[in-house]
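Structure first, then comments.
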Amino acid sequence: MDNPVLQTLLSHRSVRKFTSQKPSEEVLHTIVRAGQQAPFASQLYSVLLTRKKAPFGAPLWFTICVDLYKLERFMKIRGWSVVSNDLSLLLFGFQDAALMAENMVIAGESLGLGSCFLGNTPYQADRIQKRYKLPQRVFPLVELIMGYTGEDFPPRPRYPLEFTLFEDEYPQMSDEMVKEAMKVMDEGYLAQGYYRKLKAKIRIEDKGKKETFTYDDYSWTEHISRKWGQWLTDPQELLVQLEKCGFKIGEKRLPNTMDPKDSTEHQKEDV
Ligand SMILES: Cc1cc2nc3c(=O)[nH]c(=O)nc-3n(C[C@H](O)[C@H](O)[C@H](O)COP(=O)(O)O)c2cc1C
């Protein structure tokens, strides 16, 4: 079970240090073409690029967007308008955009480039919208920086396969099973000094809760617990950003009068 594709996939690492070498136009276009060739529901994405002042000094800075604008433009030419609700369209758009983005990562790695996603993008959607003059119905989902790799370290750990692949039935999950998976993750990140190097310990916000961790024992499960145990309690911030980009979650659409067929009959069709 060994071939160049598997070797690329299994040696993936997020890279945060780049050489000064600039990828050629051919390399850039090949990476984006490979991204486009990912499976799609409706190609609900666009890729923005800048080569200016990228984080971590990367030569390429992509922003992968969910894009309904292009869909609506061609539907209009065909005499249709969208009646599907924005939540459903966004879910398909997220999948299309994520698959395309990951294909870009793999293509880049196969050509010797490294990359790193930046996940705060949706919370800065309004700023990105202005910077790139985005039309309504385009939502910046995630940024991806890319360039020739300027650091070397082994791949980071993942959960054991038994904690991920469940055939026929979701297992009765004992604490021992959970703890074993935690151990694999925590020891793997500690062995690389990952959080120490990045100085990435998340502060405890609750004044009544004492900090007991140092970089000797602060690792992945504590880090992830601190994120989702403290942040993003209110969905409003994101809903506002979505609205600024022209998306309304939770709103029912009126049936399209131009559509001769009853729209409910088409909701379950393959996309
Ligand atoms: C959606 C998403 C958002 C991410 N956001 C960030 C980020 O903001 N900053 C960062 O340094 N890494 C970010 N990462 C990279 C992850 O930290 C990294 O993929 C994870 O720790 C696993 O490490 P590996 O990719 O080296 O295997 C993000 C990854 C994904 C998929």
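The table for this structure:
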item	result
Other-chain or far-sequence residues with amide H under 5 Å of Leu118's (modelled H)	Glu143, Leu144, Ile145
Note, ³J(HN,Hα) from phi for the stretch 230-241, Karplus 6.51, -1.76, 1.60, rounded to Hz, x at Gly and Pro	9, 9, 6, 6, 10, x, 4, 4, 6, 4, 5, 4
Amide H within-cut-off set for Leu60, under 5 Å, with H built and near neighbours excluded	Met146
Net charge, Lys197 excluded, C-beta distance under 10 Å - Lys, Arg +1, Asp, Glu -1	+2
Separation of the Thr19 and Gln136 label points, Cα + 7 Å toward Cβ, nm	4.8 nm
Eligible aspartates and glutamates near Lys199 by straight Cα distance, threshold 14 Å, same-chain separation 8 or greater	Asp216, Asp217
Label point at Asp217 placed 7 Å out along Cα→Cβ; residues across the stretch 172-208 whose backbone nitrogen lies under 15 Å	183, 186-187, 190
Accessible surface, the chain, averaged per residue in Å² (probe 1.4 Å)	65 Å²
Sparsely packed trypsin sites (Lys or Arg not before Pro) within the stretch 37-84, loop by DSSP, other Cβ within 10 Å at most 11	Lys52, Lys53, Arg78
Extended-chain gain in nm, criterion 0.36 nm per residue less alpha-carbon gap, Asp234 and Leu9	77.4 nm
Chymotrypsin sites (Phe, Trp or Tyr not before Pro) within the stretch 147-185: DSSP coil, no more than 13 neighbouring Cβ in 10 Å	Phe166
10 Å Cβ shell holding at most 16 others, DSSP loop, GluC sites (Glu not before Pro): longest site-free stretch of the chain	1-150
Integer Hz, Karplus 6.51/-1.76/1.60 couplings in order for the stretch 72-84, x for Gly and Pro	5, 5, 6, 5, 4, 4, 7, x, 10, 9, 6, 10, 5
Portion, in percent, of the accessible area of the chain that falls on carbon or sulfur, probe 1.4 Å	55 percent
Members of Lys197/Lys244; Lys53/Lys252; Lys52/Lys207; Lys22/Lys130; Lys133/Lys252; Lys179/Lys201 lying beyond 30 Å, as alpha-carbon distances in this model show	Lys197/Lys244; Lys53/Lys252; Lys52/Lys207
DSSP-loop trypsin sites (Lys or Arg not before Pro) across the stretch 153-220, with at most 15 other Cβ within 10 angstrom	Arg158, Lys199, Arg203, Lys207, Lys209, Lys210
Leu49 long-range amide H proximity, modeled H, under 5 Å	Thr63
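The values are calculated or read from the model by the stated rules, or taken from the named source; none is laboratory data. Keep in mind that what you see is a predicted model, and the values were worked out from it rather than measured. Every residue, glycine among them, receives a Cβ derived from its backbone with ideal geometry; neighbour counts consider all protein chains shown. Ligands, DNA and RNA are stripped out before the accessible areas are found, and what is left, the full protein with its side chains, is counted by its heavy atoms. Shrake-Rupley method; radii C 1.70, N 1.55, O 1.52, S 1.80 Å.
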